[in-house]
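What follows is a short report on a single structure.
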Amino acid sequence: MVAKRSRVSEGLFMPVEQYLALDEATDGKYEYLHGYVFMVRPPSSAYLGNAAVVEDMAGGSPAHGALAARAITVLNNALEDSPCIAYTSDTKAQLAEDVYVYPDVLVSCEEPDHKSLTSPTVIIEVLSPNTEKRDRYDKIDSYKKIASVQEYLLIGSERKEIIIHRRETDWRPYHYRSGDLVELRSLGISIPFEDFYHKVKL
């Protein structure tokens, strides 16, 4: 199979078996969407003696990291009496035979297996210039097909914005701003918008 040029510029085509071998063989992180591999974080060896030229494709900015950490904190606080747990970006989600991702944050209400989560309820990505196009368009198309995923939340790291796409409303985007309550209906919780950005400097 020959990859289309438009997709090659964004990701590298390979069979799923080759992707899984790559993901197991290195401490770098790679996502796999329908035959295309995207580097999320380079392997640690790439940083040795070359730190100035290595770029973390997942974002890597202080704001990006702080927003992901804040989201996990506020979600787990709100879910304290729930069976659901918010997981960090170190957690791989296998959403289909050809979809493996490391979201910035994901919430699952089921027990994980020893390697990955397979039934997340909410997936959260913190937007960054390197990944924004894929997060806004390619990933949501994949998430729509996963029965367990009920809400997809995007958090801005260059400007204050939160967008939620919900299965129950045919994935229509809902935009939240300062002063709003961010409602995660699938989890039965609402969180003040400002809680996500508390102490975070963009």
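Figures for the structure shown
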| read-out | value |
| --- | --- |
| Inter-label distance for residue 159 and residue 145, nm, one decimal - labels placed 7 Å from Cα along Cα-to-Cβ | 3.2 |
| Separation between Cα centres of the stretch 146-194 and the stretch 76-126, rounded to whole Å | 16 |
| Cα-centred dipole magnitude for the chain, charges only on beta-carbon of K, R (+1) and D, E (-1), debye, nearest 20 | 680 |
| In nm, spacing of pseudo-spin labels at residue 97 and residue 34 (7 Å Cα→C-beta vector) | 1.6 |
| Max mean-square fluctuation residue, GNM over the chain, Cα-Cα springs under 10 Å, options 81, 23, 98 | 81 |
| Residue (of 75, 100, 175) at the positive-pole extreme of the chain, dipole from beta-carbon charges | 175 |
| The chain: most fluctuating residue of 44, 148, 89 per GNM, C-alpha cutoff 10 Å | 44 |
| Sparse-neighbourhood loop sites, chymotrypsin sites (Phe, Trp or Tyr not before Pro) in the stretch 112-202 - DSSP loop, at most 10 other Cβ within 10 angstrom | none |
| Using alpha-carbon coordinates, inclination of helix 62-78 to the longest axis of the chain, degrees | 50 |
| Charge-dipole axis of the chain as Lys and Arg at +1 and Asp and Glu at -1 on Cβ define it, positive-most pick from 62, 128, 39 | 128 |
| The stretch 46-202, relative contact order [Cα under 8 Å, separation at least 6], % | 20 |
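The numbers here are math on the coordinates, done by the rules we state, and not lab data. Since this is a predicted model, take the numbers as computed values, not measurements. Ideal geometry is used to build each Cβ from the backbone, glycine not excepted, and the neighbour counts take in all protein chains shown.
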